[in-house]
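Asker: Can you read through this structure? Questions will come right after.
The values are calculated or read from the model by the stated rules, or taken from the named source; none is laboratory data. Because the structure is predicted, anything quoted here is derived from the model rather than measured. Neighbour counts are summed over all protein chains in view; Cβ atoms, including those assigned to glycine, are modelled from backbone coordinates with ideal geometry. These accessible areas exclude ligands, DNA and RNA; they are computed on the full protein's heavy atoms, side chains included. Shrake-Rupley method; radii C 1.70, N 1.55, O 1.52, S 1.80 Å.
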Amino acid sequence: MIEFEENTKYGYGIRKSIVFYFFDSIDSKKIEIIENIIHTFIELFQVKFNKKRINDEYDFRNIRGGWQKIFHKVCEVDDFKNHAHIVEFLEGDEEYLLNHRVYMILWEGNLPSRLIFHCRQQTEWEQIYQFMEYVNEQLEVHFASSGYDIVDNPWKGGAPYAVRSLKKSRILNSYMTEWDNMGYILKEKSGICCPNIIQILSPDFYHRLDLNRIDTSGIINTKMVRRNLMIDILDIKDRKFVEPELSELEQRMDSLYQMLKPIVIEYDRMMYLKPDAWEQRMRRFEYIEEDANE
């Protein structure tokens, strides 16, 4: 587990993330499936949402009448082809970093819909892996990813400081630097933004990889899940997923990057990082490879 002390002044810290991107048509049946996915997340990770934000709302508001009522109200419309519908639920408040979060953008436009979940850093990888398998069974997942994210408290305005703290480890990601861009990357460039601890790749991606390069020593694990390929860099001991020490985890991420390199692409800089810092971030695994060859 990454040692990272939460910054209480600016309100940022680490959470585990689970992200899904899919091109499914959004109809009443799909809305029911997505509702069941959120309910499963709540049950599996013991979540108690208390805040919500929908569509173009700027501030979070208290949930009254249950999250399902809000979800149904947003999704009762039938214009998903013309407008993206955004729903966000939090378990958190103005003083403390969120414990859990679900953020979704649902539509049938040029970009994929997305489901993004955050949970406590102590959450077991076994639970996350099972949840990803479950969602993959319910949706036509094009790409999914799970690892460590830097997240910020939206009431404290610490997003710029949170993004700059990504340099503490190569394996850290964030919504602002990775997941917000993935819709565009998937649609326009047909690639992914980075390797992660767990990922699910559709045939569009894994058919472009040389799967013979997978290390047979057990540092990269693969499994077919429906039509997709699931990849992780965890240890399996006594039938449980165990996270290696950070130095070992980073080395495995480097190896995984070499395997995924044909589909990892660079993309435009986001506002909180200067051009040189962004260049280093885009090539954070390349630098390791170059240094090793010097």
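Asker: Pull out all pairs, ordered by first then second residue, where Cβ-Cβ is under 6 Å, the residues are six or more apart or on different chains, the first lies in segment 87-114 and is of a type in the set (Phe, Trp, Tyr) and modelled with pLDDT of 85 or more, and the second is crowded, with 18+ Cβ neighbours inside 10 Å and assigned to a loop (DSSP other than H, G, I, E, B).
Answerer: Phe89/Phe49; Trp107/Phe80
Asker: Among the residues of segment 57-71 satisfying the criterion of being in contact (Cβ under 8 Å) with a residue 12 or more places away in the chain and outside any strand (DSSP E or B), which is most open to solvent (accessible area, probe 1.4 Å)?
Answerer: Just the residues of segment 57-71 that are in contact (Cβ under 8 Å) with a residue 12 or more places away in the chain, to begin with: 60, 62-63, 67-68, 70-71.
If we keep only those that are outside any strand (DSSP E or B) as well, we get 60, 63, 67-68, 70-71.
On the way: Phe60: 25, Ile63: 35, Trp67: 27, Gln68: 67, Ile70: 21, Phe71: 0 Å².
Residue satisfying both the conditions and the ranking: Gln68.
Asker: A follow-up question, please. What about Tyr206, is it open to solvent by 70 Å² or more (accessible area, probe 1.4 Å) and on the phi < 0 side of the Ramachandran plot? Please lay out each step first, then the result.
Answerer: Working: open to solvent by 70 Å² or more (accessible area, probe 1.4 Å): no; on the phi < 0 side of the Ramachandran plot: yes.
It is false that Tyr206 is open to solvent by 70 Å² or more (accessible area, probe 1.4 Å) and on the phi < 0 side of the Ramachandran plot.
Asker: Restricting the search to segment 87-98, which residues are in contact with a strand residue (DSSP E or B) (Cβ under 8 Å, 6 or more places away or on another chain) and surrounded by fewer than 17 Cβ atoms within 10 Å (Cβ to Cβ)? Break it down stepwise before answering.
Answerer: Start the filter on segment 87-98 by keeping residues that are in contact with a strand residue (DSSP E or B) (Cβ under 8 Å, 6 or more places away or on another chain), which leaves 87-93, 97-98.
Listed by number, the list holds a single entry, Asp93.
Asker: Kindly provide the set of residues from segment 1-44 that are open to solvent by 50 Å² or more (accessible area, probe 1.4 Å), more than 15 Å from His118 (Cα to Cα) and in a helix (DSSP H, G or I), ordered by number.
Answerer: First, the residues of segment 1-44 that are open to solvent by 50 Å² or more (accessible area, probe 1.4 Å): 1, 3, 5-6, 8-10, 23, 25, 27-29, 32, 36, 39, 43-44.
After this cut, where a residue has to be more than 15 Å from His118 (Cα to Cα) as well, the list is 1, 3, 5-6, 8-10, 23, 25, 27-29, 32, 36.
Ser28, Lys29, Glu32, Asn36 - these are the residues of segment 1-44 that are open to solvent by 50 Å² or more (accessible area, probe 1.4 Å), more than 15 Å from His118 (Cα to Cα) and in a helix (DSSP H, G or I).
Asker: Additional query: Any residue that is part of a helix (DSSP H, G or I) and either open to solvent by less than 10 Å² (accessible area, probe 1.4 Å) or within 16 Å of Ser17 (Cβ to Cβ) (or both) - is there at least one of those in segment 137-158?
Answerer: No, because not a single residue in segment 137-158 is part of a helix (DSSP H, G or I) and either open to solvent by less than 10 Å² (accessible area, probe 1.4 Å) or within 16 Å of Ser17 (Cβ to Cβ) (or both).
Asker: Let me ask something additional. Could you list, in sequence order, the residues of segment 176-192 that are modelled with pLDDT of 90 or more and either among the polar types (S, T, N, Q) or open to solvent by 10 Å² or more (accessible area, probe 1.4 Å) (or both)?
Answerer: Met176, Thr177, Asp180
Asker: Same structure, new question: Out of segment 216-231, which residues are modelled with pLDDT under 95, open to solvent by less than 70 Å² (accessible area, probe 1.4 Å) and part of a strand (DSSP E or B)?
Answerer: Those that are modelled with pLDDT under 95, open to solvent by less than 70 Å² (accessible area, probe 1.4 Å) and part of a strand (DSSP E or B): Asn221, Thr222.
Asker: Separate question: Being open to solvent by less than 20 Å² (accessible area, probe 1.4 Å) and without any contact (Cβ under 8 Å) to a residue 60 or more places away in the chain is the filter here; which residues of segment 232-247 pass it? Steps first, answer last, please.
Answerer: Quick first cut of segment 232-247, residues open to solvent by less than 20 Å² (accessible area, probe 1.4 Å) only: 232-234, 244.
The answer is Ile233, Pro244.
Asker: Continuing with this model, one more query. Please indicate, with yes or no, whether at least one residue in segment 253-274 is under 30 Å from Pro160 (Cβ atoms) and of a type in the set (Gly, Ala, Ser).
Answerer: no
Asker: Same structure, new question: Which count do you get for residues in segment 248-278 that are open to solvent by 30 Å² or more (accessible area, probe 1.4 Å) and over 28 Å from Tyr206 (Cβ atoms)?
Answerer: In the first step, residues of segment 248-278 are kept if they are open to solvent by 30 Å² or more (accessible area, probe 1.4 Å); the result is 248, 250-251, 255, 258, 261-262, 264-266, 268-269, 271-272, 274-277.
Next, only the ones that are over 28 Å from Tyr206 (Cβ atoms) stay: 269, 271-272, 274-277.
Within segment 248-278, residues that are open to solvent by 30 Å² or more (accessible area, probe 1.4 Å) and over 28 Å from Tyr206 (Cβ atoms) number 7.
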